[in-house]
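Any read-out appearing in this document is the output of simple, stated calculations on the displayed coordinates, not a laboratory observation. The structure presented is a predicted model; accordingly, all values stated were derived computationally and were not measured. Positions of Cβ are backbone-derived with ideal geometry, glycine not excepted, and every protein chain shown enters the neighbour counts.
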Amino acid sequence: MKQIRIHGRGGQGVVTAAELIAIAAFKTGLIAQAFPAFGVERTGAPIEAFARIDEKEIKLREQINNPDILIIQDATLLENAALYRGTNEKTVIIINTGKTKEDIINHIKTAGGNFLPENIHIIDATKIALKNLGKNIVNTTILGAFAHATKLVSLDALRQAIAEKFVEKGQALIDKNIKAIEETFSS
């Protein structure tokens, strides 16, 4: 089983990102679950959502304390040592930032994180989201990098998940989101 914890801020679509991962996993023929950490969510406040992917039934129904994969939608959260709880050097971390990998590695170490450099994936999802969506909403955009780094879901499965999740929002928005994930997948 692969356990994924997503960190971001209220209004950034953290919960939607977890749902899209689960839908894409289903499209790939896997079992998945997605759920948020409930609390007093408000725009701009740090929030978490979780996803699990496995080939067999998932019986766990608790928050993820020891993630295999950590997705950080907002790099300002990297300063919070609690972000790294339950991680180890083998945890894969995908970070939305415009900074260099070296800067991020030093920043993470200072804040208490310890990851193998090859497990740290940097993507400027904000830049790609602004270009493709016209908004700083990185939840879908960063998932292209997630698919590329982890190989847990395919790019095609993500395309299908976005089309299914956003069907009521119209084809234009679906197409923009798909273009954004394709760009982050290739970056």
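What the Cα atoms of the stretch 28-67 give is an Rg and a Dmax of 12.4, 36 Å. Based on Cα atoms of the chain, Rg over Rh with Rh as the Kirkwood radius reads 0.94.
Looking at the stretch 143-187, which trypsin sites (Lys or Arg not before Pro) are in a loop (DSSP not H, G, I, E or B) and have at most 10 other Cβ atoms within 10 Å?
Hits after loop and neighbour filter: Lys151.
Our estimate of slack between Glu79 and Asn136, defined as 0.36 nm per intervening residue step minus the Cα-Cα distance, is 18.5 nm. Values of log10 I(q)/I(0) for the stretch 49-107 across q = 0.25 Å⁻¹ run -1.19, by the Debye formula with one identical scatterer at each alpha carbon and no solvent.
Each part gets one Cα centre, and for the stretch 49-109 versus the stretch 1-19 those centres are 10 Å apart.
Dividing the summed -39500 (n - 2.57) terms of all DSSP H runs of n ≥ 4 by the residue count of the chain sets its mean residue ellipticity at 222 nm at -11500 deg cm²/dmol.
Extension gain for the segment Lys109 to Glu57, taken as residue separation times 0.36 nm less the Cα-Cα distance, is 15.1 nm to one decimal. Phi angles of the stretch 74-90 translate, via the Karplus equation with coefficients 6.51, -1.76, 1.60 and θ = phi - 60°, into HN-Hα couplings of 9, 5, 5, 6, 4, 6, 7, 4, 5, 4, 8, 4, x, 8, 9, 5, 8 Hz per residue; Gly and Pro are given as x. When peptides 104-114, 24-34 are sorted by average Cβ neighbour count within 10 Å, with the highest value leading, the order is 24-34, 104-114.
Rounded to the nearest 20 debye, the dipole size of the stretch 58-187 about its Cα centre is 180 debye, using +1 on the Cβ of Lys and Arg and -1 on the Cβ of Asp and Glu.
Given their separation in residues at 0.36 nm each and the Cα-Cα distance between them, Lys179 and Asn88 gain 29.5 nm when the chain is fully extended. Counted over the stretch 107-187 with a bin width of 10 Å, the fraction of Cα pairs per bin, in whole percents, is 19, 45, 25, 9, 1. The distance between label points at Lys99 and Glu164 comes to 3.6 nm (points 7 Å beyond Cα on the Cα→Cβ vector).
Taking all pairs of distinct Cα atoms, average 1/r, flip it, and tell me the Kirkwood hydrodynamic radius of the stretch 17-117 in Å to one decimal place.
On the way: mean 1/r = 0.0673 Å⁻¹.
It works out to 14.9 Å.
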